[in-house]
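First up is the structure itself, then whatever we jot down about it.
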Amino acid sequence: MLWIALAAQLSAPEPINLKKWFSFEDVPSYLMQMGTGIWNVGIRVNVASDGAVQNCEVESGSGIPKLDKLTCMIVTVRAKFRPAHFADGSPAHGAYRTSVNWLVQDAPGELIERSKPDLDITVQQLPRAFGKSSLVRVMFAVDANGNASSCTGEPGDNFEQAKNEPALVPLACEQFMNSYKPTVARDTAGNAVPSVQDGLVRFTVKGQ
C-alpha cells in the first residue's frame, strides 16, 4: 500500500475576490469635488477561522474620516476569504492588512503606486527588474500573547502589487520579526486568540 502525505503549510487569510472589492462607481462625489489627488487608507481585515469577515479596522487614515469609514464598510460587505491555517493545517483566525488608494485625476494615465509599509529597509542594490524599490508581503503566526513566529512570504494577489523577490523574503522576515510588534487577534467574544497575520516590507536602494 502506498501512502502519500502532503505537508501542511502556514497560510494567511487569502482574498478570493480582491478585484471585486472596489469599482469606479464607489468613488464618492465629495472626493471628486476636492480635485485631483490620492488618498490612502491602511486597513486591517479580521477574518474568522471559517473565512468569514469579522470586521475591518482603519490602521492609517486618509485624513478624511468618512472616506476611511466608507473603505471599511465596502470591504466588510464585499470581501471574501479563504481562511487562514497554522503550519499543522488547523484553521486559524487571521488578519489581512492592506492599503487602499482612492485616486482622482483629470485624465487617464499611469496609476500612482502608494503604499504604507510596516517596515522600510535600505539596501545597496536590488535586482535590475525591480528598479529603485521592491515590496515583499510576509505572513507569520501570532500567539495569544502577541509573539510572532514562522515568517514566510505571502503568495497571492494584493493591492500593493508586491513582487516577493525570493532573495529578499528571508531578509524581510528576519528584519520584520526583530522589529514588528503585531496586534493580537480576538474572537467575536473579545478573547485573545492565536492567529496568522501579514505585513508589508519595502526595500529601497540607498540614496534613491
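When only residues in the range 158-206 that are β-branched (Val, Ile, Thr) and more than 17 Å from Leu126 (Cβ to Cβ) count, which is surrounded by the most Cβ atoms within 10 Å (Cβ to Cβ)? The residue in question is Val196.
The residues in the range 12-46 that are closer than 30 Å to Val142 by Cα and of a type in the set (Val, Ile, Thr) can be counted, and the count is 4.
Could you check how many residues of the range 21-36 are in contact with a Phe, Trp or Tyr (Cβ under 9 Å, 6 or more places away or on another chain) and either among the charged types (D, E, K, R) or exposed (fewer than 12 other Cβ atoms within 10 Å of the Cβ) (or both)?
We begin by selecting, within the range 21-36, every residue in contact with a Phe, Trp or Tyr (Cβ under 9 Å, 6 or more places away or on another chain); these are 21-22, 26-28, 31.
Cutting the leftovers down to either among the charged types (D, E, K, R) or exposed (fewer than 12 other Cβ atoms within 10 Å of the Cβ) (or both) gives us 26.
Total meeting the criteria: 1.
Test of understanding: among Gly42, Gly89, Gly35, which residue is on the phi < 0 side of the Ramachandran plot, touching a residue at least 60 places away in the same chain (Cβ under 8 Å) and either within 13 Å of the chain's Cα centre (by Cα) or assigned to a loop (DSSP other than H, G, I, E, B) (or both)? Going through Gly42, Gly89, Gly35 in turn, just one is on the phi < 0 side of the Ramachandran plot, touching a residue at least 60 places away in the same chain (Cβ under 8 Å) and either within 13 Å of the chain's Cα centre (by Cα) or assigned to a loop (DSSP other than H, G, I, E, B) (or both): Gly42.
Whenever a residue of the range 1-20 is in a loop (DSSP other than H, G, I, E, B) and surrounded by 10 or more Cβ atoms within 10 Å (Cβ to Cβ), its partners that are acidic (Asp, Glu) and at pLDDT 90 or above, lying with C-beta atoms within less than 7 angstrom and at least six residues away or across chains, give the pairs Ala8/Asp88; Ala12/Glu154; Ala12/Asp198. Taking the range 81-99 as the range and being of a type in the set (A, V, I, L, M) and within 14 Å of Val193 (Cα to Cα) as the test, the residues that pass are Ala84, Ala92, Ala95.
The values are calculated or read from the model by the stated rules, or taken from the named source; none is laboratory data. The shown structure was predicted, so the numbers you read here are calculated from the model rather than taken from an experiment. We place every Cβ from the backbone using ideal geometry, glycine too, and count neighbours over all the protein chains shown.
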